[in-house]
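Single-structure report; data block below.
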Amino acid sequence: MTFNTIDSISRLGNLGDGIGKINTQQMEIAESGESASGKASTFGDLLKGALQDANQSQLEANNVVNELVAGRTKDLHGAMIAMEKADVNFRLLAQVRNKVIDAYREIMRMQV
Amino acid sequence: MDFLSSMRISASGLEAQTKRMETISSNLANAESTSPDGPYKRKDPVFTAVADRAHFGEILKNQMDESAQGVMVSEVAEDARPPRLVYNPSHPHARPDGYVEMPNVNSVEEMANMVSAQRSYEANITALNAAKSMAIKALDIGK
Amino acid sequence: MSIKVFDHTLDALSKSLDLRSQKQTIISSNIANAETPGYQAKTMDFEGELANALELGDTVLERTNEQHMNAGGKIDEVKGEIYNQINNVVREDGNTVDRDAEMVSLAENQIMYSAAADLLKKKLALLKYAISDGGGH
C-alpha cells in the first residue's frame, strides 16, 4: 500500500465523504476531493497526524505518571486525564488505520 | 503477603484495645469493691510491641520484617498507688482505726482512658479497612 | 525475537505498588502501637529513590561501585528506606506516635496506591487493545 494510491482514492468523492465523519481538532477532511493547501486532506496525512497525536499523548502521559509516582507532583486528576487522552488518541489512531485499510481493500476490489 | 501482615498488625491492635476496655470495665465495676483482704486493686494493661511473624520462630530476614510490629498486652499490672481511705467505722471491712480502704479507682481517669481506647480502636479499624481495600484494588488490576 | 512491550512507566507503577503496600504495614504498626511505651514511630521513604531511577532529575548519576545506593536506571532495585520518625511528639512513656499524622499518612498512601493500580490497569488495557488488532481486522 502506498500513499499515492490513497491520494487518488481521496479524489473519489464518496469515500472522502464517508470518512468525513471523523472530526478532530487538527485535521480537516476535503469534501470534494480537492486538496486544500497546508491542511491534511489525504488519508496518509490523517494517518500520520493520528500517529503523531497518539505518540505525543502517550509520552506526555508517561511523563505525568512518572512524576506522580516519584512524588514530584500531587496532580492526581492531571495524570488520570493525560492517561485517558492517550487512550482516546490511540484508539482513534487504530480506527483511522482500520478505515484506511478498508478503503484500500475497497479500491483493490474494483475492476478497472 | 504484605497485606496479610498489615491486617494482622491491625488485628493485634484491636485485640489489645479490647483487652484494655475489659480492664477499664473491670475497674469501673469494682470502684467500690472491698474485701477482708484489702480493696480491689486498679488494673492497667501493659502494651509491648512484638514483631509480626507468620509462623512462630520464623527468623526476621530484613529491615522491613523488623519494622512491622504488632502490639500485645504483655501483662495486666496492678496499680501500685495506695488505696483511698474513707472514714466509715460501721463498714464491715473497716480497719481498727475506723478507716475503710477503698479501691484506688478514679472514675474520671477511667472514662478518659475509655475514650482513648475507643479512639485507638477506631484508628485500627480504619487501618484494617485501608489494607483490605488496597488488596481488593490490586485484584482489580486484572479485570 | 524479544519485543519490548512494557516501558519504564509501567515498571515504576508496579514498583510503587510494592513500596506502598510495605508502607501500609509500617503505618499499621504505628497505629497499633500508638500507646506502647517506648515505641518509636517509623516512616518509609522511597519517592526520591524512584525519581532517581526514573532519571527525572537534571543530572543522571553514575554508580561507580555496586555497593552504592541506587543512583539511577534500575527501577527494580528501588527499596525504600525505613527509619524512625523525627517529630515533636514527646510523651512521658517515650512513645513518639502522632496519631493524627498517621491517619493522614494512611489516607494518602491508600489513595496513591489506588491511583497507581488504576493507571497500571489503564496502561495494560491499552496494550491489550493494541495487541488484539485494534478492534479491526
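The values are calculated or read from the model by the stated rules, or taken from the named source; none is laboratory data. What you are looking at is a predicted structure, and each value in this text was computed from that prediction instead of being measured. Methodologically, a virtual Cβ is constructed for each residue, glycine included, from the backbone with ideal geometry; neighbour enumeration extends over all protein chains shown. Protein only, heavy atoms only, side chains kept; ligands, DNA and RNA dropped before computing areas. Shrake-Rupley method; radii C 1.70, N 1.55, O 1.52, S 1.80 Å.
For C:Asn95, the amide hydrogen comes within under 5 Å of the amide hydrogens of C:Gly38, C:Tyr39, counting only partners 5 or more places away or on other chains and with H modelled in the peptide plane.
Under the combined filter of DSSP loop state and at most 12 neighbouring Cβ atoms within 10 Å, the range B:35-143 retains these chymotrypsin sites (Phe, Trp or Tyr not before Pro): B:Phe56.
Given Cα positions, please report Rg to Rh for the range C:84-124, the hydrodynamic radius being the Kirkwood one. Answer for the range C:84-124: 1.27.
For B:Glu22 and B:Arg53, the FRET efficiency from 1/(1 + (r/R0)^6), where r spans their Cβ atoms and R0 equals 22 Å, is about 0.30.
Take peptide A:60-67, look around each residue's Cβ out to 10 angstrom, count Cβ atoms belonging to other protein chains, and average those counts. All intermediate terms of the calculation are to be shown ahead of the outcome.
Values: counts 0, 5, 7, 3, 2, 12, 10, 3.
Going residue by residue through A:60-67 and averaging, the value is 5.
Separation of the range C:89-137 and the range B:96-111, taken as the distance between their Cα centroids, equals 52 angstrom. Taking B:Arg81, B:Arg53, B:Arg42 as the candidate residues, the one with maximal mean-square fluctuation in a Gaussian network model of chain B, Cα springs under 10 Å, is B:Arg81. Counting only protein chain heavy atoms and rolling a 1.4 Å probe, the accessible areas of C:Thr25, B:Thr126 rank, largest first, as B:Thr126, C:Thr25. Place a point 7 Å from the Cα of C:Asp76 along the Cα-to-Cβ direction; which residues of the range C:1-34 have their backbone N under 17 Å from it? Only C:2-19 pass the distance filter. The long axis of helix B:2-29 is offset from the longest Cα principal axis of chain B by roughly 10 degrees. A simple spin-label model places the labels of B:Arg84 and C:Glu47 5.2 nm from each other, with each point 7 Å out along Cα-to-Cβ. At q = 0.10, 0.12, 0.13, 0.18 Å⁻¹ the log10 of I(q)/I(0) for chain B amounts to -0.52, -0.65, -0.71, -1.02, computed by Debye summation with a single uniform scatterer per C-alpha, solvent ignored.
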